[in-house]
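Have a look at the structure below before the remarks.
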Amino acid sequence: MITENDSVRRTASYTVRHVNIVLISIYELGRQPFGLASPAAWLRKRGHNLVCLDLSRQSLDESAVRAARLIAIYLPMHTATRLAARLIPRLREWNPLVHLCCYGLYAPMNADYLRTLGVRTILGGEFEHELAQLAERLHFEALNNGRSNVSPQPEALVSLERLSFEVPDRSEMPSIDKYAHLVVPGGGFRLVGSTEASRGCKHLCRHCPIVPVYNGVFRIVSRDVVMRDIRQQVAAGAQHISFGDPDFFNGIRHAIELVEQFHREFPSVTYDVTIKIEHLRKYEVHLPKLKETGCLFVISAVEYLDDIVLRALDKGHTREDFLHVVEAFRALGMTIHPTFVPFTQWTTIESYLDLLRVLHAKFLTENVAPIQLGIRLLIPEGSRLLELEEVRRHVGSFDPESLFYPWKHADPRIDALSETVQAIAAEGDRRKESRSIIFERIWKAAHAAAGLDAPVLQLSTEPAAAVPFLSEPWYCCAEPTREQFVSIGLVSKKIEEPIAAPGSYV
């Protein structure tokens with residue numbers, strides 16, 4: 001008996017397939033979206049007509065939407081999902097018959113809500129093959145005058161299949177000079193490309209949005225594919241590459257061999273990576289290799305310095321591990337960018353002040369984006385945090401529009417301080433103030449919240465170290481800040497009323 005899927009495969013073998021597809025990315029904190037470029041390669045290779053739209057840098061193309069048979073929206077993070085909820089009604093208004101798909105990390109986590117908006121297919125994990133299969137299915141339906149006998153979604157909701165990745169197709173993406181750039185000491189900047197050498201993660205941190213989808217699995221992107229992607233971006237002007245892997249040292253051999261080849265081919269091109277504190281300590285012997293091969297800085301999700309909080313989050317490192325890594329980086333002359341989620345149910349005024357004291361004492365105030373000091377813990381659907389009774393006791397009912405479980409701290413000063421710090425960070429960013437100046441304001445606000453006089457920050461005996469950083473801050477596991485809500489409003493307005501400058505920032 002020949003099944004419909006068999007027919008799809010047979011048809012695929014001798015027919016050029018032309019499904020009109022629009023891939024949409026809404027928000028990815030300044031990177032040219034890998035989640036558009038990678039599936040674009042798969043779909044164009046199979047003959048489909050494709051339009052890629054990055055709405056953080058482009059206006060929505062009404063004509064492309066109206067002509068599409070399939071619109072697939074990339075949801076790599078919480079804020080992108082919130083934006084998608086605002087976008088989808090407009091897409092359905094312009095094209096009521098279009099097949100809507102959402103794919104990426106946050107799609108399966110919010111599947112029920114997305115289906116209420118009219119999304120018919122949800123894809124998570126290694127989504128490229130499933131997305132290509134969906135396009136083939138829609139082609140088959142078109143050959144049969146739209147008739148289909150298959151279930152609403154035969155494609156896997158979450159696929160952890162080992163894929164043979166295609167080289168990302170960035171040919172019709174906005175140019176990399178439209179995206180975040182690298183700010184270097186002295187006031188200069190470099191154009192930044194981005195890629196991924198692996199996906200998923202070995203670890204099961206309770207607050208991490210990767211865990212509900214990958215559950216401890218990670219997948220390698222072959223070194224040949226990564227290098228070919230880097231080559232095309234360097235040819236387009238990239239002077240720095242940002243690796244978007246959740247943890248670059250999940251596959252240590254793959255990582256070291258990759259950066260060695262990278263540096264041989266592009267000795268003047270720098271890069272940055274994200275690595276857990278646990279791995280920075282475990283693989284400390286490899287840190288000199290990162291420096292030798294052009295790694296300008298390492299981002300590491302420290303989250304907090306209180307061991308009680310770190311155990312609750314199941315981070316796999318301690319306060320002492322973080323302090324050890326800081327000293328190891330200083331000894332090697334390397335730069336670390338710690339990221340934090342300082343406002344949790346376990347935060348106290350004293351533990352927050354302790355965080356600020358350590359950052360000042362360890363000369364890290366320039367290494368931490370000020371917004372990192374105001375972030376609140378995000379509890380999305382499927383979070384392992386909900387395994388903890390102490391968390392379940394303090395969260396409200398799931399909010400399907402906000403897409404998280406709201407919570408309030410037992411000490412109202414903590415919630416108020418988070419809002420104050422976010423406001424200080426946003427104002428400092430608007431004024432283009434140095435991180436040290438903003439840190440001093442946060443220092444005073446935190447002491448005021450504790451009812452204490454803020455000690456005068458002593459000038460360091462060590463010269464202030466200007467550090468390289470990306471012009472748009474990177475973070476995850478966090479509730480959207482007030483500034484992100486403003487961004488959501490701007491993008492929503494852009495969707496409602498397309499503007500004339502497709503390369504403009506939001």
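All of the numbers you see were taken from the coordinates with simple rules; none came from a lab. Model, not experiment: these values are computed from the prediction. For neighbour counting, all protein chains shown are included, and Cβ atoms are generated from backbone atoms with ideal geometry for every residue, glycine included.
Net length available on complete extension from PHE398 to THR116 is 100.0 nm, with 0.36 nm assigned per residue and the Cα-Cα distance removed.
In the stretch 247-367, Cα pairs under 8 Å separated by at least six residues give a relative contact order of 24 percent. Assuming charge only on the beta carbon of Lys and Arg (+1) and of Asp and Glu (-1), the dipole of the stretch 181-471 about its Cα centre is about 520 debye to the nearest 20.
Take the stretch 181-471, drop everything but the C-alpha atoms, weight them equally and run the Debye formula without solvent; then report log10 I(q)/I(0) at 0.08, 0.11, 0.16 Å⁻¹ to two decimals. With no solvent term, the Cα-only Debye profile gives -0.37, -0.70, -1.41. The residue list VAL467, VAL309, ILE88 was ranked by how far each Cα lies along the charge dipole of the chain toward its positive end, using unit charges on Cβ atoms, and ILE88 comes out on top.
VAL309 sits among other residues whose Cβ lies under 9 Å from its own Cβ, and their net charge, with Lys and Arg +1 and Asp and Glu -1, is -1.
Restricting the calculation to Cα atoms, the stretch 4-159 shows an Rg/Rh of 0.93 when the hydrodynamic-style radius is the Kirkwood one. Per the Debye formula with a single identical scatterer at each Cα and no solvent contribution, what log10 I(q)/I(0) holds for the stretch 35-79 at q = 0.28, 0.29, 0.33 Å⁻¹? Listed by q, the Debye log ratios stand at -1.24, -1.27, -1.33.
Please report how far the C-alpha centroid of the stretch 67-145 lies from that of the stretch 182-200, rounded to the nearest whole angstrom. With the stretch 67-145 and the stretch 182-200 each reduced to a Cα centre, they are spaced 30 Å. The calculated 222 nm mean residue ellipticity attributable to helices in the chain amounts to -12000 deg cm²/dmol, summing -39500 (n - 2.57) over DSSP H runs of n ≥ 4 and dividing by all residues. At an R0 of 25 angstrom, the distance between the Cβ atoms of ARG66 and GLU161 translates into a FRET efficiency of 0.15. Rounded to the nearest whole angstrom, the semi-axes of the ellipsoid equivalent to the stretch 382-470, taken from the Cα gyration tensor as √(5λ), stand at 33, 18, 14, largest first.
The packing ranking, built from the mean of other Cβ atoms within 10 Å per residue, places the peptides 320-332, 126-138 in the order 126-138, 320-332, highest first. Highest-first packing order for the peptide set 397-408, 266-277, 381-392 is 266-277, 381-392, 397-408, based on the mean count of other beta carbon atoms within 10 Å. Just want the answer: with Cβ charges of +1 for Lys and Arg and -1 for Asp and Glu, which residue in LEU117, GLN233, SER402 is farthest toward the dipole's positive end in the chain? After comparing all options, I get GLN233.
Rounded to the nearest 10 degrees, the angle from helix 319-332 to the longest Cα principal axis of the chain is 90 degrees.
Based on C-alpha pairs under 8 angstrom that are at least 6 apart in sequence, the chain has a relative contact order of 15 percent. Charge dipole of the chain (Cα centre as origin; +1 on each Lys and Arg Cβ, -1 on each Asp and Glu Cβ, all else neutral): 880 debye, rounded to the nearest 20.
Put in order of Cβ neighbour count within 10 Å, fewest first, the listed residues LEU377, LEU60 become LEU60, LEU377.
Would you work out if the stretch 253-362 is rounded, prolate or oblate? Take a ≥ b ≥ c from the square roots of the eigenvalues of the alpha-carbon gyration tensor; rounded if a/c is under 1.5, else prolate when a/b is larger than b/c, oblate otherwise. Because a/c hits 1.5 or more and a/b exceeds b/c, the stretch 253-362 counts as prolate.
Positive-end ranking of THR270, VAL221, PHE243 along the dipole of the chain, with charges on Cβ about the Cα centre, is headed by VAL221. Basic side chains Lys and Arg get +1 at the Cβ, acidic Asp and Glu get -1 at the Cβ, and with that the dipole of the stretch 4-159 about its Cα centre reaches some 260 debye.
Where both bridge residues fall in the stretch 181-471, DSSP classifies roughly 40% of the beta bridges as antiparallel.
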